[in-house]
Amino acid sequence: MAYELAPLPYDYNALEPYIDAETMHLHHDKHHQAYVNNLNAAVANHPELAAKSVDELLANLDAVPEAIRTAVRNHGGGTANHNLFWSILGPVNAPGVGGAPTGAIAQQIAADFGGFEEFKKAFNEAATKQFGSGWGWLVFTGGKLKIVTTGNQDTPVSQGLYPILCNDVWEHAYYLKYQNRRPDYLAAWWNVVNWNEIDKRFAKAKA
Ligand code: MN
């Protein structure tokens, strides 16, 4: 059974003006699709691997034969990271999208970072400093929220961590609209963050 690219859970223009429709078409239909295709190619002769979920592959890369491990790490990571990324975003002005978080995740952010504004500042700083392509993440570990970054398509899942939210800082995520201004993209991105979905992930992380 081959891995498949799910359609976006909203329209391509749903994140306008913060993330433009052309970027979303290229990002989902071309970049994400390529990761899925390359992952399928990597495991084509390994039905025992193809039977696992992408997250299962990434959580145990040592179980992947060395000859295809880098391909699974890169393209499996690219597949799973974008699956998560689309899911924690939502249409502008939809309930629970943008603005400040509410509920349990808001309380945990306040406890661990001092408040939502402090958290945003720390997350944006970390994501700005990620050199080259990579991701910014919020994970829940040891009873606390923690900001981490990874290079390329590496994921905290491979470190045994459960990601609650992520932001893509590859240039393909923002270059058409923001060119070299990664901090402007990072600042605008919070307007399309889906706190309802993130609060659900936080509940799973605690369980
Ligand atoms: Mn991307």
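Pairs needed: first member in segment 26-38, closer than 18 Å to ASP154 by Cβ; second member anywhere, near the ligand (Cβ under 10 Å from one of its atoms); C-beta distance under 7 Å; at least 6 residues apart or different chains. Pairs that qualify, where the first residue is closer than 18 Å to ASP154 by Cβ and the partner is near the ligand (Cβ under 10 Å from one of its atoms), are HIS31/HIS172; HIS32/HIS82; TYR35/GLY78; TYR35/HIS82.
All conditions but one from (1) open to solvent by less than 20 Å² (accessible area, probe 1.4 Å); (2) without any contact (Cβ under 8 Å) to a residue 12 or more places away in the chain apply to GLY134; the one that does not is (2). Selection within segment 146-155: residues that are open to solvent by 10 Å² or more (accessible area, probe 1.4 Å) and of a type outside the set (Val, Ile, Thr). The member of this set that is farthest from LEU186 (Cα to Cα) is ASP154. Scanning segment 96-131 for residues being touching a helix residue (DSSP H, G or I) at 6+ places or on another chain (Cβ under 7 Å), over 21 Å from LYS204 (Cα atoms) and not in a helix (DSSP H, G or I) gives a total of 1. Of all the listed residues (GLY78, GLY103, GLY90), the sole one being within 16 Å of the ligand (Cβ to nearest atom) and touching a residue at least 12 places away in the same chain (Cβ under 8 Å) is GLY78.
Which residue is surrounded by the most Cβ atoms within 10 Å (Cβ to Cβ), if the candidates are limited to segment 10-31 and must be assigned to a loop (DSSP other than H, G, I, E, B) and within 16 Å of the ligand (Cβ to nearest atom)?
Step one: filter segment 10-31 for residues assigned to a loop (DSSP other than H, G, I, E, B), giving 10-20.
If we keep only those that are within 16 Å of the ligand (Cβ to nearest atom) as well, we get 12, 15, 18-20.
Working: TYR12: 17, LEU15: 23, TYR18: 18, ILE19: 25, ASP20: 17.
Looking at the filtered set, the residue picked out is ILE19.
Filtered by the rule that a residue be of a type in the set (A, V, I, L, M) and in contact (Cβ under 8 Å) with a residue 60 or more places away in the chain, segment 39-59 gives LEU58, ALA59. Among the residues of segment 159-168, some residue qualifies, meaning at least one is within 13 Å of the ligand (Cβ to nearest atom) and acidic (Asp, Glu).
Within segment 69-98, the set of residues being touching a Lys or Arg at 6+ places or on another chain (Cβ under 9 Å) and open to solvent by less than 10 Å² (accessible area, probe 1.4 Å) comprises just one member, ILE88.
Taking segment 175-188 as the search range and keeping residues that are open to solvent by 10 Å² or more (accessible area, probe 1.4 Å) and of a type in the set (Phe, Trp, Tyr), which one is farthest from LEU84 (Cα to Cα)?
Within segment 175-188, the first condition is being open to solvent by 10 Å² or more (accessible area, probe 1.4 Å), and the residues that meet it are 175-184, 187-188.
From what's left, of a type in the set (Phe, Trp, Tyr): 175, 178.
On the way: TYR175: 21, TYR178: 22 Å.
Restricting to residues being open to solvent by 10 Å² or more (accessible area, probe 1.4 Å) and of a type in the set (Phe, Trp, Tyr), the top hit is TYR178.
Mind listing just one residue for me: the one in segment 32-56 that is closer than 13 Å to ASN81 by Cβ and more than 14 Å from the ligand (Cβ to nearest atom) and, of those, surrounded by the fewest Cβ atoms within 10 Å (Cβ to Cβ)? Here the answer is ASP55. For segment 132-207, the helices (runs of 4 or more DSSP H) that sit wholly inside it and include 2 or more residues that are within 14 Å of the chain's Cα centre (by Cα) are 182-189, 195-206.
The values are calculated or read from the model by the stated rules, or taken from the named source; none is laboratory data. Computed from a predicted structure; not experimentally measured. Don't worry about glycine lacking a Cβ; one is built from the backbone with ideal geometry, like all the others, and counts go over all protein chains shown. Protein only, heavy atoms only, side chains kept; ligands, DNA and RNA dropped before computing areas. Shrake-Rupley method; radii C 1.70, N 1.55, O 1.52, S 1.80 Å.
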